[in-house]
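A.B. asks: Structure incoming, see below.
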Amino acid sequence: MPPVSSRAGQPAAKICETCGRPYAWRKKWARCWNEVRYCSDACRRGRLRHGFKPR
Ligand SMILES: [Zn+2]
């Protein structure tokens, strides 16, 4: 399997505002990539810094 480094039609990766890590474009974000600012639902829900603490 070749690496997916430069696949046509895929936007560049972004940096999660919560955990600060880069995350790649996903199919589920195809329609709302412009609005996506977090890498996952957990990061989107709360501003987690170091570690996730569920109640
Ligand atoms: Zn994140």
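The values are calculated or read from the model by the stated rules, or taken from the named source; none is laboratory data. This is a predicted model, so every value here is computed, not measured.
A.B. asks: Restricting to region 19-49, what's the tally of residues that are over 24 Å from Gly9 (Cα atoms), part of a loop (DSSP other than H, G, I, E, B) and over 11 Å from the mean Cα position of the chain (by Cα)?
C.D. replies: 4
A.B. asks: Still on this structure, please answer the following. With the condition kept exactly as written, say whether any residue in region 36-50 is at pLDDT below 90 and of a type in the set (S, T, N, Q).
C.D. replies: Checked against the condition, which is being at pLDDT below 90 and of a type in the set (S, T, N, Q), region 36-50 yields no hits at all.
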